[in-house]
Amino acid sequence: MKSELKTLGWIDALIENLAPDHLEEEIKGDLYELFQKDVAEKGFKAANRKYVINGLGFLAQSFFWRRSTTNSNSFIMIRNYFKMARRTLLAYKGTTIINILGLVVGIASALVIFTFIRFETSFDTFHSNRGKIYRLVRVSGSDMSEFRTGISYPVPLAMKNEISSLDNIVSMEYFGGANVDVLDASGKTVLKFREETGFVLLEPEFFEVFDFKNTDFKWISGSPEKALVDPMSVVLTKTLVKKYFGDQDPIGKTIQFQRKFDFKVTGIVSDFPQNTDFPFTILMSYSSLKVLAGEERLNNWFSVNDTHNTYIVLQPGTTPEDMENEFAKVEELTLTYVVVR
């Protein structure tokens, strides 16, 4: 079709010589689009005549073009850019598809990476004390370069009694999974489950240190001050309550762990957020350790379990180095401990 326009090239030449430079391509593009439409509707000869008339009509406006304002010209230029871009994209469809697909893949990849990074860096950033919470770790190895999370059981109690500059201290033991039996009022097993993850022994102070502020986490029934105090007490997440008891109220009911230890349900919490390092579903009172581990083990300074962790909250103005110096003053701390964020 464009080859047939060569006979009317004198119109294009006039436009090139008389039209403003910033409008030349737009005028020629508009003329060609009108020509295509006229060919389809009226035939080639009629389209040729209309092409000449339209071309001269555009040129007749040159008087006004030369007197247009700067703002008007800027608007026209921007409009021209979009028109020319559209025509270029339509003229080279294969290249356009490849470029658009590349752009879409690039933007999608960037969004995925951004979302992943934002999620990873959001872990446990919502706690009120996040800038003052530190994990207590054990230094070991022949060259004292190995840091382990396990803290022997008597250490937290000794720190509570001997170090006054601690704002708060809390211990927990996360031990993964266990067998769970749901018992009826007579003590008979009515349902059996195997949970692979989620079991933890918590001190009530855990929710003072980690308050999950500005998240959806909340206590539905019970409170940490009461629900996690007595031995053999357990708090379940909303999801597990639904799984074990359906629509029944679980408070006061009994569940058995490892076919041996009976725990009384004393509270319900909503599910923990995904961006936390505490993936708990079954929260047992820390005081239950006396039954589960035995009194002798709890008094053993040298028995260390890496699943037994301790976190501390420093008072304003106290640095980790200051706290480590306080550790050295406590004679009972026969192993070396440091604090890390």
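The values are calculated or read from the model by the stated rules, or taken from the named source; none is laboratory data. Note that this is a predicted model, so its numbers are computed, not measured. When we count neighbours, we look across all protein chains shown, and the Cβ atoms used for this are built from the backbone with ideal geometry, even at glycine. Calculation scope for accessible area: heavy atoms of the full protein, side chains included, ligands and nucleic acids excluded. Shrake-Rupley method; radii C 1.70, N 1.55, O 1.52, S 1.80 Å.
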What's the extension gain from R194 to A108 if we count 0.36 nm per residue and subtract their Cα-Cα distance?
27.0 nm
Between the residues T95, G222, F119, the Cα farthest towards the positive end of the dipole of the stretch 74-232, that dipole coming from +1 and -1 charges on the beta-carbon of Lys, Arg, Asp and Glu, is from T95
Please turn the phi angles of the stretch 311-327 into ³J(HN,Hα) values with the Karplus equation 6.51 cos²θ - 1.76 cosθ + 1.60 (θ = phi - 60°), one per residue in order, whole Hz, x for glycine and proline.
10, 10, 10, 7, 6, x, x, 8, 9, x, 5, 4, 5, 5, 5, 5, 4
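At 1.4 Å probe size, with every protein chain present, just tell me what the per residue accessible area of the stretch 240-339 comes to in Å².
About 51 Å² of surface per residue is accessible.
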Once Rh is set to the Kirkwood radius over Cα pairs, what Stokes-Einstein translational diffusion coefficient, in µm²/s, holds for the stretch 96-179 at a temperature of 37 °C and a viscosity of 0.692 mPa s?
182 µm²/s
Protection proxy ranking of 33-46, 302-315 - average other beta-carbon atoms within 10 Å, highest first
302-315, 33-46
List the residues, sorted by chain then number, that are 5 or more residues from N129 or on another chain and whose placed amide H is less than 5 Å from its amide H.
D211
For the stretch 117-214, what relative contact order do you get, as a whole percent, if you take Cα pairs closer than 8 Å and at least 6 residues apart?
29 percent
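If we sort 114-125, 243-254 on the protection proxy, mean other Cβ atoms within 10 Å, highest first, what's the order?
Those peptides, ordered most packed to least, come out 243-254, 114-125.
When the Kirkwood hydrodynamic radius is evaluated over all pairs of different C-alpha atoms of the stretch 269-335, what value in angstrom, to one decimal, is obtained?
15.5 Å
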Ordering R138, R194 by how much accessible area each has at a 1.4 Å probe, largest first, what is the list?
R194, R138
Cross-link partners among aspartates and glutamates for K45, C-alpha distance below 15 Å, same-chain residues fewer than 8 apart left out?
E4
Compactness summary of the stretch 119-160: radius of gyration and Dmax from Cα atoms, Å, are 14.2, 38
Give the carbon-plus-sulfur fraction of the accessible surface of the stretch 155-261 in %, rounded to a whole number; probe 1.4 Å, heavy atoms of protein chains only.
47 percent
Would you mind pulling out the separation of the Cα centroids of the stretch 219-254 and the stretch 138-210, in Å?
18 Å
Compactness index (Cα Rg / 2.2 N^0.38 Å), the stretch 131-253:
1.32
